[in-house]
Amino acid sequence: MSQTSPPPRVCSHCDGFPVVHITTGTHTPDGQRRTLAATCPACKGTGHRSTTAVSPVGVSA
């Protein structure tokens, strides 16, 4: 039997839509709309939340 991994966690900031295109309101010479790509800053365009290790707080050496 194969081992399955859990599905990756979806980014809570972009809900899994990491890159969106925003229209600028202008058109190209051939009539298409000009757009700008905006990438989610939290997941850096992956759409998934990364699991990070928790660092100890208040530990003195």
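Descriptive notes on the structure:
- For H48, the residues whose amide H sits under 5 Å from its own are C11, ignoring neighbours fewer than 5 places away on the same chain, with H placed 1.01 Å from N.
- Measuring only protein heavy atoms, the 1.4 Å probe finds T4 accessible over about 110 Å².
- The stretch between T24 and S12, if pulled fully straight at 0.36 nm per residue, gains 1.7 nm over its current Cα-Cα span.
The values are calculated or read from the model by the stated rules, or taken from the named source; none is laboratory data. What you are looking at is a predicted structure, and each value in this text was computed from that prediction instead of being measured. These area figures cover heavy atoms from the full protein model, side chains too; ligands, DNA and RNA do not enter into them. Shrake-Rupley method; radii C 1.70, N 1.55, O 1.52, S 1.80 Å.
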